[in-house]
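Here the structure is laid out as structure tokens; the discussion comes afterwards.
The values are calculated or read from the model by the stated rules, or taken from the named source; none is laboratory data. Only a predicted model underlies this, so the values are computations on that prediction, with no experimental measurement involved. Cβ placement follows ideal geometry from the backbone for every residue including glycine, while neighbour counts extend to all protein chains displayed.
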Ligand code: SF4
Ligand code: SF4
């Protein structure tokens, strides 16, 4: 892991956690100053100061949304999210075990958890950690999709290619309609859609939790599924899954890594040269949340902008990423509310292209706004 912060302070400008507190110890720079001496690889054998022990920095180290913004602006390309994931990996905590259980073993129970959360009166869950968890759980229950706002068709069909859909945990367990819609769209474009049901979690959130062994397990499983299917194209409609899938290349033999990087796509990019027809049901103004994990190249917004007047939020992180939901659900929810507040005030409908962002923002949107994945409002042309 690369070390050596120059303390330039550039990362303070972009860190969403620092933006909530405006105190340096919450910023990537502050966390590095606190944590780098604790790292045996970095500490040059110097004794660790008595007051600087893992127990004391544990809370700060867990306050990270894994958005990756600090690494993108850092001249040394230091990723504080990676530093923190490493630290968690070396210092396991019972909450990591709970998180792994929630992600890997309890997916089938998510809809039931959502229905139970619906029974909790809103007055009992207004703010704080409990509210943050309950509100996100409520969002696990899908609202009925509206009549389509956009109808999509290819201007010309692609030459037949095989594509597997990587749905990710949220779609697999709580929003199966997204995968079905993605398959219909790809089919309409001329792709041969191969079942991707055998894929499991992309591993992104396991990585942030420092659960490296579990992450390696799901990565190896997913790559085995891909190889056994004959290494087809892989399409995902979740920006965070895409980010995580692209990281697989660093763990593969060179030849396969190149092929993998060339064949993993965001769904919207595969829907090339679309003919987009706006329907009478489309709202006048739509808010748009750009997920952090697009890493600067958002393929969804240009597709939607063909037919919708999109008002982008101020680019704040929704607070869902990393393990923030587990380590400080109240802060995570407060970040979601700040993100929603940055949307155009007349946008009652908000779209995004990351499964986690949908759940997080929908949970905090209240009754006056709805937050959906763009697949909920698009359909194929008749
Ligand atoms: S990954 Fe995002 S939330 Fe975490 S330290 Fe970097 S900028 Fe802050
Ligand atoms: S941008 Fe990089 S070098 Fe500068 S303070 Fe942040 S982590 Fe350190």
If only one of 327, 332, 342 is over 15 Å from the mean Cα position of the chain (by Cα), buried (at least 21 other Cβ atoms within 10 Å of the Cβ) and more than 28 Å from residue 182 (Cα to Cα), which one is it?
327
Which of the following residues is in a loop (DSSP other than H, G, I, E, B), over 13 Å from residue 150 (Cβ atoms), outside the structural domain of residue 18 (by TED's automatic domain parsing) and modelled with pLDDT of 90 or more: 334, 272, 362?
272
Pick from region 180-199, criterion free of Cβ contacts under 8 Å to residues at least 40 places away in the same chain and assigned to a helix (DSSP H, G or I), ranking: farthest from residue 271 (Cα to Cα):
180
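Residues checked against (1) crowded, with 20+ Cβ neighbours inside 10 Å; (2) in a loop (DSSP other than H, G, I, E, B); (3) out of contact with any helix residue (DSSP H, G or I) (no Cβ under 9 Å at 6 or more places or on another chain); (4) at pLDDT below 95:
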site: 250; (1), (2), (3), (4): no, no, no, yes
site: 262; (1), (2), (3), (4): no, no, yes, no
site: 317; (1), (2), (3), (4): yes, yes, no, yes
site: 321; (1), (2), (3), (4): yes, yes, no, yes
Suppose we filter 233, 206 for residues that are surrounded by fewer than 24 Cβ atoms within 10 Å (Cβ to Cβ), in contact (Cβ under 8 Å) with a residue 60 or more places away in the chain and touching a helix residue (DSSP H, G or I) at 6+ places or on another chain (Cβ under 7 Å); which single one remains?
233
State whether one or more residues within region 302-313 are out of contact with any strand residue (DSSP E or B) (no Cβ under 8 Å at 6 or more places or on another chain), at pLDDT 95 or above, part of a loop (DSSP other than H, G, I, E, B) and within 30 Å of residue 153 (Cβ to Cβ).
no
